[in-house]
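The values are calculated or read from the model by the stated rules, or taken from the named source; none is laboratory data. Since we're looking at a predicted model, the values are computed, not measured. Please note: Cβ atoms are built from the backbone with ideal geometry, for glycine as well, and neighbour counts cover all protein chains shown. These area figures cover heavy atoms from the full protein model, side chains too; ligands, DNA and RNA do not enter into them. Shrake-Rupley method; radii C 1.70, N 1.55, O 1.52, S 1.80 Å.
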Amino acid sequence: TGRQVGFEALARWEHPQQGFISPRTFIDLAEDCGLIHELGHYLIDQILAQIRQWLDRGLHPGRISINVSAAQVEQPDFAGFLDRQLSSYRIPPGMIALEITESALMTKIEHSVEQLNRLGRMGISVWIDDFGTGYSSLAYLKQLPIDVLKIDASFVQDIPGDADDLAIVRAIISMAQALNIEVLAEGVETEEQAACLKAMECHF
């Protein structure tokens, strides 16, 4: 329909001397030195505070997606932390989606299943980011409470001209529809791409 349905919250670091530092650099570093939990908690707190400000002003931003690492999801009290924060800021769980990359999810899938199922029962959406770029076991799509698959921008940027990318995108959409999972295409920058995805019944 062209209606905006939400936002993705992204971490950005503008260093006073070094300028813009890529999230891939500082998030990977935070994971390596054990600071990813503190960083993740800080970001979630900032995001929920912003949502609360919007709601108090009568604004309705839709669903806000937050990128989380596999290390965060594996924390025994991660779901409990989110539950407490949502209650503290009085934010409905349905407004929040957690994005975890396909490759990160598959690294320690057994540890993630229980936590993701708990988050799903809370009403929080679970999205698989960069779908198609990792090595998923499709069997886990049945076991996990996945609400949305995000098609990586690398498959979207050359459609409809690239027949291979078009076939991959069509296959992901068809599979997701059969499993009752919604599909979101990343990196849509042209009307032609949007029209092509709409014709294939991509949800977002």
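Tabulated data for the structure shown
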item: Among (1) at pLDDT below 90; (2) under 28 Å from LEU82 (Cα atoms); (3) not polar (S, T, N, Q) - the single one TYR135 does not satisfy; result: (2)
item: Residue match in segment 101-112 (condition: modelled with pLDDT of 90 or more, surrounded by 18 or more Cβ atoms within 10 Å (Cβ to Cβ) and either over 18 Å from the mean Cα position of the chain (by Cα) or not in a strand (DSSP E or B) (or both)); result: no
item: Residue that is most open to solvent (accessible area, probe 1.4 Å) [pool: residues in segment 58-85 that are closer than 19 Å to LEU39 by Cβ and aliphatic (A, V, I, L, M)]; result: ALA71
item: Residue in segment 41-53 that is open to solvent by 50 Å² or more (accessible area, probe 1.4 Å) and under 30 Å from LEU197 (Cα atoms) present; result: no
item: Unique match (being modelled with pLDDT of 90 or more and of a type in the set (Val, Ile, Thr)) among ILE51, ILE36, ILE27; result: ILE51
item: Index of the failed condition, GLY40 passing every other in (1) over 25 Å from VAL113 (Cα atoms); (2) in contact with a helix residue (DSSP H, G or I) (Cβ under 6 Å, 6 or more places away or on another chain); result: (1)
